[in-house]
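These notes are about the structure you will find just below.
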Amino acid sequence: MSSLNVICSHCQKVNKIPQKESYTKANCGSCKNSLLDTTPIEASEENIDHILANSDIPVIVDFWAPWCGPCKMFAPIYNQTAQKYPLKALFVKVNTEALPNLGARFQIRSIPTLVVFKTGLEKKRNSGALDPLRLTNFINEFV
């Protein structure tokens, strides 16, 4: 059976788990929290490279800012959609207001912008808020 490296959304430790179609239980070997928790990780300049380089599942990054109206409207859609993908995709948020260097590094020109990374490489991006169906279709291309 093959295995996957997944990042714990609580402690950001890398966990190697058996690759399955679905999971009923999976806990972090370090902090013991559930790896099935799909709460988006708040990225920082210190952890973004670690997350992107060590996740075998697609990483969906939402670049946003607290003053952005479309970002505020999109946030609940992003968070609710994340719940559908435990151990299928990892959801990450980057506050470009607090972390302008990350916005510049990833060449974010408008927000919200979603970027999909797989095996550390950018695969696709979308600028602008998506409705739940379009977001699901966007993610399903990579899971």
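The values are calculated or read from the model by the stated rules, or taken from the named source; none is laboratory data. Note that the coordinates shown come from a computational prediction; the quantities given were computed from them, not determined experimentally. Here the Cβ positions follow ideal geometry from the backbone for every residue, glycine too, while neighbour counts run over all protein chains shown. Side chains are part of the model used for accessible areas, which takes the heavy atoms of the whole protein and leaves out ligands, DNA and RNA. Shrake-Rupley method; radii C 1.70, N 1.55, O 1.52, S 1.80 Å.
Worth pointing out:
- All positions within segment 89-113 that are under 14 Å from the mean Cα position of the chain (by Cα) and within 20 Å of H50 (Cβ to Cβ): A89, L90, F91, V92, K93, V94, N95
- Matching residues, segment 37-59, being touching a strand residue (DSSP E or B) at 6+ places or on another chain (Cβ under 7 Å) and loosely packed, with under 15 Cβ neighbours inside 10 Å: E42
- Extreme residue, surrounded by the fewest Cβ atoms within 10 Å (Cβ to Cβ), among residues of segment 1-31 that are in contact with a Pro (Cβ under 7 Å, 6 or more places away or on another chain) and not hydrophobic (A, V, I, L, M, F, W, C): S3
- Filter pass, S34 being touching a strand residue (DSSP E or B) at 6+ places or on another chain (Cβ under 7 Å) and open to solvent by less than 60 Å² (accessible area, probe 1.4 Å): yes
- Scanning segment 88-104 for residues that are over 13 Å from V59 (Cβ atoms) and either without any contact (Cβ under 8 Å) to a residue 12 or more places away in the chain or not acidic (D, E) (or both) yields N95, T96, A98, L99, P100, N101, L102, G103, A104.
- Scope segment 1-34; condition among the β-branched types (V, I, T) and assigned to a strand (DSSP E or B); matching residues: V6, I7, V14, I17
- Residue under evaluation N126, criteria (1) open to solvent by 50 Å² or more (accessible area, probe 1.4 Å); (2) free of Cβ contacts under 8 Å to residues at least 24 places away in the same chain, criterion not met: (1)
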